[in-house]
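Worksheet for the structure shown next.
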Amino acid sequence: MTDREKQKTLSLYRLTQAEESLDEARYLLVGGKSLRSVINRVYYGMFYSILGLLIYEPYTSSKHSGVLSYFNKRFIGEKIFPEQMGRTVHKAFDLRQRGDYREYQEIEPDQVGPLLEQADAFVSTVRQYLEKHIFSFK
């Protein structure tokens, strides 16, 4: 397997993780489970799709904040993706941080549904970008 084929395989794996995370979020939401858990899966759906992009970039980071910062600088700042995508992933990141790491923080139900819809669009947009601009090249 060539390096390019390995990149594509890993990128597709990340996209699968992203889509599975959003499926898990929907399942948890419909099942009336913890909104904290729903937000966690929503955030990770977007995060995994960003990791699928970064496979083709000269950048690595062990921190989520570094990944998001690079995504904003490269993909939002250079107008590859709309600014709304940057706002969406940062909102999910902030909600996940509050829900996972702060005591007595509650996620409001009216925050979750719209964010899940935005995350679906986010992951779909990343997939379309990769299919059009990356995967189509040999």
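Worth pointing out:
- Residue among S11, S69 that alone is touching a residue at least 24 places away in the same chain (Cβ under 8 Å) and more than 24 Å from P109 (Cα to Cα): S11
- Close contacts from region 105-121, counting a first residue that is among the charged types (D, E, K, R) and a second that is surrounded by 12 or more Cβ atoms within 10 Å (Cβ to Cβ) and assigned to a helix (DSSP H, G or I), with Cβ to Cβ under 8 Å and a gap of 6+ residues or different chains, come to E106/L35; E108/L35; D120/L22.
- Residues in region 70-80 that are surrounded by fewer than 13 Cβ atoms within 10 Å (Cβ to Cβ) and in a helix (DSSP H, G or I): K73 only.
- The set of residues in region 21-43 being without any contact (Cβ under 8 Å) to a residue 24 or more places away in the chain and either in a helix (DSSP H, G or I) or not hydroxyl-bearing (S, T, Y) (or both) consists of D23, E24, Y27, L28, V30, G31, G32, K33, S37, R41.
- Flag for E83 being modelled with pLDDT of 95 or more, surrounded by fewer than 18 Cβ atoms within 10 Å (Cβ to Cβ) and touching a helix residue (DSSP H, G or I) at 6+ places or on another chain (Cβ under 7 Å): yes
- Residues being over 15 Å from V126 (Cα atoms), part of a helix (DSSP H, G or I) and free of Cβ contacts under 8 Å to residues at least 24 places away in the same chain - total across region 50-64: 0
- Output for region 110-129, where each listed residue is touching a helix residue (DSSP H, G or I) at 6+ places or on another chain (Cβ under 6 Å) and aliphatic (A, V, I, L, M): V112, L115, L116, A119, V123, V126
- Qualifying residue in region 100-116 (condition: within 17 Å of the chain's Cα centre (by Cα), modelled with pLDDT of 95 or more and surrounded by fewer than 18 Cβ atoms within 10 Å (Cβ to Cβ)): yes
- One residue from I39, I55, I76 being of a type in the set (A, V, I, L, M, F, W, C) and either out of contact with any helix residue (DSSP H, G or I) (no Cβ under 6 Å at 6 or more places or on another chain) or under 18 Å from Q7 (Cβ atoms) (or both): I55
- Test for I107: is it touching a helix residue (DSSP H, G or I) at 6+ places or on another chain (Cβ under 9 Å), β-branched (V, I, T) and farther than 21 Å from E19 by Cα: yes
The values are calculated or read from the model by the stated rules, or taken from the named source; none is laboratory data. Note that the structure is predicted; figures quoted are calculated from it, not measured. Note that we place each Cβ from the backbone using ideal geometry, even for glycine, and neighbour counts take in every protein chain shown.
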